Amino acid sequence: MLEQFFPDLILNEISEIDAAALWQKGYRLLIFDIDNTLVAYHEKDATQKASRIIRQFQKIGFQTALVSNNNRERVERFNQELKLYSVSRAMKPFQWGMRKVMRHFQMTPQETVLCGDQILTDIFGGNRLGLYTILVTPIEINESGFFRMKRRIEAYILKKMKERD
Ligand SMILES: [Mg+2]
């Protein structure tokens with residue numbers, strides 16, 4: 001049951017994604033979380049670094065999209081230049097946002113990768129849909145009590161995952 005929370009891959013940041021290897025394995029669609037995955041929470045616009053990495057994925061041939069739990073204003077501002085297909089207020093781990101993206105690009109779960117920084121929303125949601133899930137280290141650690149509690153749960157899950165390996 002805990003396996004539902006285990007990412008398929010753990011990386012420090014999105015720049016470490018081996019896009020060519022994913023392409024080789026048959027993946028064609030990359031879905032990204034925004035906050036703390038592509039940019040820090042307070043960063044309103046896409047950074048040059050985030051944009052460059054996404055453009056590299058696109059150059060290989062990947063479809064790229066955003067699925068965020070944040071509001072429309074945040075997502076649209078971030079997406080101003082990138083102009084990716086995007087879903088805001090997705091309420092991950094609910095699956096409809098990711099499903100909507102797959103439907104838009106006519107992709108199957110077997111062709112889709114979900115990349116995010118949170119186990120309880122991004123990874124759990126992606127796993128339930130059967131996507132390939134990549135967990136990245138949050139760009140910025142939020143120290144509010146709610147997030148601290150979430151991080152503790154995540155640390156527990158990752159510990160269990162390591163014990164299994
Ligand atoms: Mg996030």
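Computed from the coordinates by the stated procedures, all read-outs in this text should not be read as laboratory data. Everything numeric here is computed off the predicted structure, so don't read it as measured data. In this analysis, Cβ positions are derived from the backbone assuming ideal geometry, glycine residues included, and neighbour counts consider all displayed protein chains.
Some values worked out for this structure:
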| item | result |
| --- | --- |
| Residues satisfying the stated conditions in the stretch 33-58, i.e. near the ligand (Cβ under 10 Å from one of its atoms) and charged (D, E, K, R) | D33, D35 |
| Pair list, Cβ < 7 Å and 6+ apart or interchain, from the stretch 132-152 residues that are closer than 15 Å to L38 by Cα to residues that are of a type in the set (S, T, Y) and crowded, with 17+ Cβ neighbours inside 10 Å | V136/T37 |
| Some residue of the stretch 114-124 being aromatic (F, W, Y) and closer than 23 Å to H42 by Cα | no |
| Helices (runs of 4 or more DSSP H) enclosed by the stretch 1-95 - at least 1 residues per element that are under 23 Å from F124 (Cβ atoms) | 19-24, 72-78 |
| Complete set of residues in the stretch 114-130 that are buried (at least 18 other Cβ atoms within 10 Å of the Cβ) and either assigned to a helix (DSSP H, G or I) or more than 16 Å from the ligand (Cβ to nearest atom) (or both) | I119, T121, D122, I123, F124, G125, G126, N127 |
| Close pairs (6 angstrom Cβ cut-off, 6 or more residues apart or separate chains): within 25 Å of V39 (Cβ to Cβ) in the stretch 107-124, within 10 Å of the ligand (Cβ to nearest atom) and of a type in the set (G, A, S) anywhere | D122/G116 |
| Any hit, the stretch 60-71, residues being over 16 Å from V101 (Cα atoms), more than 12 Å from the ligand (Cβ to nearest atom), surrounded by fewer than 23 Cβ atoms within 10 Å (Cβ to Cβ) and polar (S, T, N, Q) | yes |
| Selected residue (only one of E140, E111 is among the acidic types (D, E), touching a helix residue (DSSP H, G or I) at 6+ places or on another chain (Cβ under 9 Å) and either over 15 Å from F5 (Cα atoms) or within 13 Å of the ligand (Cβ to nearest atom) (or both)) | E111 |
| Failed item, numbered, when F94 is tested on (1) within 23 Å of R151 (Cα to Cα); (2) more than 16 Å from the ligand (Cβ to nearest atom); (3) out of contact with any Asp or Glu (no Cβ under 8 Å at 6 or more places or on another chain) | (2) |
